[in-house]
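Undergrad: Quick one: the structure is below, and I'll ask about it shortly.
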Amino acid sequence: MTLDTADLLDRRIAGRSLEAPFYTSREVFDLDLAAVWARNWIFVAAEGELPEPGDYVTTAIGPWSIIVVRDDDENVKALHNVCRHRGARILTEDRGSVGNLVCGYHKWTYRTDGSLLHAPAQGGGFDPACFGLKSVHARSVGGLVFVCLAEDPPPDFPEVASRIEPYLLPHRLAGAKVAARVDLVEDCNWKLTMENNRECYHCDGHPELVRSFFPTYGYREDQVPPTLRPAYERYRRVEAEQRETYERLGLPHELIEELDTRPSAFRIEREPLDLAGESFTTDGKAACRRLLADFPTARLGHLSLHWQPNAWFHVLGDHAVTFSVVPIAEDRTLVRTTWLVHPDAEEGVDYDLGTLTKVWTATNEQDAELVSRAQRGITSPAYAPGPYAPSEYQVDAFCTWYLARLREHVGR
Ligand code: FES
Ligand SMILES: [Fe+2]
């Protein structure tokens, strides 16, 4: 039986979770690839993952494989990982460094900008200029590399990038060093990974993380439950103090939240952290002594950026963490986490890797358990969409945005 997608879209009730096929059906998964992943801007890597010419990362999105590489002119390029001879995948590793891109099949050799340098033993009349690797739209936004597979990417991206960049640039992410990188495969649909990230209703499940977050994290003022009122007052006091710091240092901090009104949907905000207010550590103190951008204080709280469809970021005084989500199958999703520090920060001297990565490693593992539990439950015929709490409004916005992309694609 084929799924009636139009019906499924029409039946959505705002404020409720999506129906099961959105998370379990192969057909919807294929539709997601076409309507969401092939059409929108996707975060794939931090520039710090490609510090030198020839450094690359590859990302598989459904049937596509994309190479993001720093070319010999130091530009970040994105290329389809498909040889122009007979189509072989050129690079098979997740990341590495190359002089040129050499196809392992018949040794066609491409420059790092994708142009064909050499095709052995081709006949006369062969024009290498016609066989460069196909390029993919790519753009770095304050040191974060986004790609778009569409021929005509959503036209609102440059405007969004120009609004996000002033928040990011002071942190000098483009030159930051990768301290750690972890790939985690979650047993769930990619939307459950994203939805789970868009609420802190479940944050009781994150004992390490909640220490650094104020207990009111994720609530709008009018949603704060009475029991959390004292914590909210404390948050407001620290927020006022932090705002002074942000203004003194020229760091934009106002909330911008456009999660269901545009294709390149995002939310950005700079917020204080609880405890020492410096970092995601169990006491809130900086995990890296060498601050990320040489600020005069480590007490900057966190700059948080939510990106749809596939990423979130936390930028702190001492380090930054990027998270990218990539679908593998309808019930499997890759979450890539990367920790960035000052380029001169030395492991064992300025930071201890275990301390730096502890909170988010634990949090990611806890989340992986929660989302696989959700996937298993939703797979039961007994599952029916349930109501979101007010603090889950970003989940609702994510689903509304997602369904708008599907509707656009199927013309409903
Ligand atoms: S398929 Fe790449 S060189 Fe032949
Ligand atoms: Fe979580």
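The values are calculated or read from the model by the stated rules, or taken from the named source; none is laboratory data. On a predicted model such as this, the values are computed, not experimentally measured, just so you know. As a convention, Cβ positions derive from the backbone with ideal geometry for all residues, glycine included, and neighbour counts pool all protein chains shown. Heavy atoms of the whole protein, side chains included, go into the accessibility calculation; ligands, DNA and RNA do not. Shrake-Rupley method; radii C 1.70, N 1.55, O 1.52, S 1.80 Å.
Undergrad: At q = 0.06, 0.09 Å⁻¹, work out log10 I(q)/I(0) for the chain with the Debye formula, treating every Cα as an identical point scatterer and leaving solvent out; two decimals please.
TA: Values returned for q = 0.06, 0.09 Å⁻¹ are -0.26, -0.57.
Undergrad: Using protein chains only and a probe of 1.4 angstrom, how many square angstrom of E241 are accessible, to the nearest 10?
TA: Looks like 80 Å² after rounding.
Undergrad: Further, regarding this structure: Dipole size in debye (nearest 20) for the chain around its Cα centre, Lys and Arg Cβ +1, Asp and Glu Cβ -1?
TA: In debye, rounded to 20, the chain gives about 480.
Undergrad: What is the spin-label model distance, in nm, from L255 to I13 if the labels are put 7 Å beyond Cα along the C-beta direction?
TA: 2.7 nm
Undergrad: Let me ask something else about it. Provide the per residue accessible area, probe 1.4 Å, for the chain, rounded to a whole number of square angstrom.
TA: 42 Å²
Undergrad: Identify which of V349, V28, V371 has the largest mean-square fluctuation in a Gaussian network model of the chain, with springs joining Cα atoms closer than 10 Å.
TA: V349
Undergrad: Then there is this: Could you give the length gained on full extension between F295 and D156, defined as 0.36 nm per residue of separation minus the Cα-Cα distance, in nm?
TA: Separation in residues times 0.36 nm, less the Cα-Cα distance, equals 46.8 nm.
Undergrad: Of Q242, L334, A298, which is farthest along the charge dipole of the stretch 233-378 in the positive direction, counting Lys and Arg as +1 and Asp and Glu as -1 at C-beta?
TA: Looking along the dipole axis, the top candidate is L334.
Undergrad: Can you tell me the relative contact order of the stretch 6-128? Whole percent, Cα pairs under 8 Å, sequence separation 6 or more.
TA: 14 percent
Undergrad: Name the most mobile residue of A368, A121, A60, meaning the one with the largest mean-square fluctuation, in a Gaussian network model of the chain with Cα contacts below 10 Å.
TA: It is A121.
Undergrad: What is the gain in length, in nm to one decimal, between R163 and R237 on full extension, counting 0.36 nm per residue of separation less the C-alpha to C-alpha distance?
TA: Answer, rounded to one decimal: 23.9 nm.
Undergrad: Moving to a separate point now. Multiply the residue gap between Y383 and V349 by 0.36 nm, knock off their C-alpha separation, and tell me the result in nm, one decimal place.
TA: Using 0.36 nm per residue and subtracting the Cα-Cα distance, I get 7.1 nm.
Undergrad: Summarise the accessible area of the chain (1.4 Å probe, protein heavy atoms) by the percent that is carbon and sulfur.
TA: The value for the chain is 49 percent carbon and sulfur by accessible area.
Undergrad: For the stretch 28-128, just say rounded, prolate or oblate: build the C-alpha gyration tensor, square-root its eigenvalues into a ≥ b ≥ c, call rounded for a/c under 1.5, and beyond that prolate if a/b exceeds b/c, oblate if not.
TA: oblate
Undergrad: From the cross-link list K77/K358; K107/K177; K77/K107; K134/K191; K134/K177, which pairs have alpha carbons spaced over 25 Å apart?
TA: As for pairs spanning more than 25 Å Cα to Cα, those are K77/K358; K107/K177; K134/K191; K134/K177.
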